[in-house]
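Chemist: Quick one: this structure, given as structure tokens, is what I'll be asking you about.
Here, each number is a calculation from the coordinates, and none is a lab measurement. Remember, predicted model here, so these are calculated numbers, not experimental data. Here the Cβ positions follow ideal geometry from the backbone for every residue, glycine too, while neighbour counts run over all protein chains shown.
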């Protein structure tokens, strides 16, 4: 059960917390209900995942020049991020960012993703996933869910070392909508972020509301950045997932209009919704594309099985499944490096590099680009199998 709150003067009073005590009595210092800054009464440093902190430090160093090395120790890193007190009490944001099992403390912090055949929420539902993990894992998994289920055009390499990949919806716009939902949602709500892919649109539902004074109309104009959860937002910024200039919503509009899509919509009702419109086509063409997309997805899954079989025997079942998932990730998002692939696998970097080494040895993937900015993509041999 999620805690609810009532305001009494300048203080916030805990209304109920029978089982899951998300917040502590230290609310007197937080008159504005900044839930992410409140110290949790039961979480300890044992609940923090060292590997998740390590991955964050590497990302933050690469993206924003984060000054604290992982060798400084987790307490020092968390202190720098304002996520821990002097007596080692953790904020709620620390759990959401780096917890081993964040949903053990915040039940509804998961993301629910669904795909529908038509334009309404009706059965059958061809794809449905409930993702759990820290905020970075939630974002990456939800983005992967969408991008792997929309149309994509993959160019040829020709004389270049990279490959053009054009998605039906702009990747950065999809990512921005999902990042905003996770970052700015109301973590006291019983609802979860929902990502729903319809035949004609993508909707991202956020259990929350715009800050006071900010309207949906103002989102289309220059406006200040007013994060609902500022302590949570800072590490997400440092990892390169968001900016601090209030440009996110305008970037979504710009990116969609740049490829000829209808202008996205921002709707504030009981929840906040972002709607990204897919390409407008005749009904027959859409139906044909939907059916073709489903067929292609099954064909590609079958080809991935064939590619794994080429590796040969001697690879145990667990490793083989890891290699399959690595192939799916590269198929969904070519150009990722080992660190980002490890994040999406929810495995250590060493494990991801082992999978990638096996794939490289069998001429299935190759590293393209500069060592610091490049990533992995399929070899020409495999591209001919997948995209013939």
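Chemist: Quick check for you: which residues of the range 199-221 have the amide N under 15 Å from the point 7 Å beyond the Cα of residue 262 toward its beta carbon?
Modeler: In the range 199-221, the label zone of residue 262 (backbone N under 15 Å from the point 7 Å along Cα→Cβ) covers 199-204.
Chemist: Using every alpha carbon pair in the range 108-277, what percent of pairs falls into each 5 Å bin from 0 up to the bin containing the largest distance?
Modeler: Each 5 Å bin holds this share of Cα pairs: 1, 8, 17, 21, 21, 16, 9, 4, 2, 1, 0.
Chemist: Also: Between residue 107 and residue 215, what is the label-point separation in nm under the 7 Å Cα-to-beta-carbon projection?
Modeler: 3.8
Chemist: Could you tell me whether the range 33-180 comes out rounded, prolate or oblate from its Cα gyration tensor? Rule is a ≥ b ≥ c as square roots of the eigenvalues, rounded for a/c under 1.5, then prolate if a/b exceeds b/c, otherwise oblate.
Modeler: Note, shape of the range 33-180 comes out oblate.
Chemist: Highest first, please rank the peptides 215-221, 321-327, 172-178, 112-118 by the mean number of other Cβ atoms sitting within 10 Å of their residues.
Modeler: 172-178, 321-327, 112-118, 215-221
Chemist: Taking a cut-off of 15 Å, what percent of all Cα-Cα pairs in the range 199-261 are separated by more than that? Could you put the intermediate results ahead of the total?
Modeler: Numbers: 1228 of 1953 pairs.
Percentage above 15 Å: 63.
Chemist: Whole angstrom only: what separates the Cα centroid of the range 191-265 from the Cα centroid of the range 92-108?
Modeler: 22
Chemist: Sticking with this one: Hey, with R₀ at 22 Å, roughly what FRET efficiency would residue 70 and residue 44 work out to, going by the Cβ-Cβ distance, to 0.05?
Modeler: So the FRET efficiency works out to roughly 0.65.
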